[in-house]
Structure formats: C-alpha cells, structure tokens
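Take a look at the structure set out below.
Coordinate-derived values only; no laboratory data. Note that the structure is predicted; figures quoted are calculated from it, not measured. When we count neighbours, we look across all protein chains shown, and the Cβ atoms used for this are built from the backbone with ideal geometry, even at glycine.
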Amino acid sequence: MIWWLLGAALLAGCCIWIVMRQPHKRRNSKVVKLSTVRGKAGQPSRQPCSLCKKKAARLSFYASEQGQVVGLCDACKPQAERRGLLQL
Ligand SMILES: [Zn+2]
C-alpha cells in the first residue's frame, strides 16, 4: 500500500515536472486549461466534478497522474489526497 502511494506520488511529480519543462510542446487539446475550467473570474459557474460528475459550486483542482487537471468537489477531495495528487 505504501509503495503504491509512493509510486503514484512519484509519477504525478514526474508528469508535472515534464509539463513544467515543456510548456509549449505539450499544448494538446486533452490538457484542460485552468482558465477554461474556472470560467470567467468573478462568475462562479457550477462545474461538474471530474470523479462523481455532480455539479458543485466550488471545485478544487488537482494534477492527475496523467498530468491532466481534474476539478473535484469537496466530497471527492479526500480521494485525490489519498492518491497523492498535487493541488493546483
Ligand atoms: Zn465529486
């Protein structure tokens, strides 16, 4: 169990490191831009949670193991923390 967590954390760290190093090369459409996810500033839009798909007024954003940005509702936040995802 501890090794699985360490592995997941390491993988997430590597993904983020690669993304940070190559900000222009990895601009593919699968990567969700934070500005798009968050919507217009000052306008709280109800976005669906990436895990349970329920709409939440407030999402917390994490970098997944694949280097993608996921928005999680308060109910799913503990899952992300258990997976060792990095909060953005
Ligand atoms: Zn959720």
Identify all residues within the range 69-80 that are surrounded by 13 or more Cβ atoms within 10 Å (Cβ to Cβ) and either without any contact (Cβ under 8 Å) to a residue 12 or more places away in the chain or touching a Ser or Thr at 6+ places or on another chain (Cβ under 9 Å) (or both); write none if there are none. 69, 70, 71, 72, 73, 76, 77, 80
What are the residues in the range 61-75 that are part of a strand (DSSP E or B) and within 16 Å of the ligand (Cβ to nearest atom), if any? 61, 62, 69, 70, 71, 72
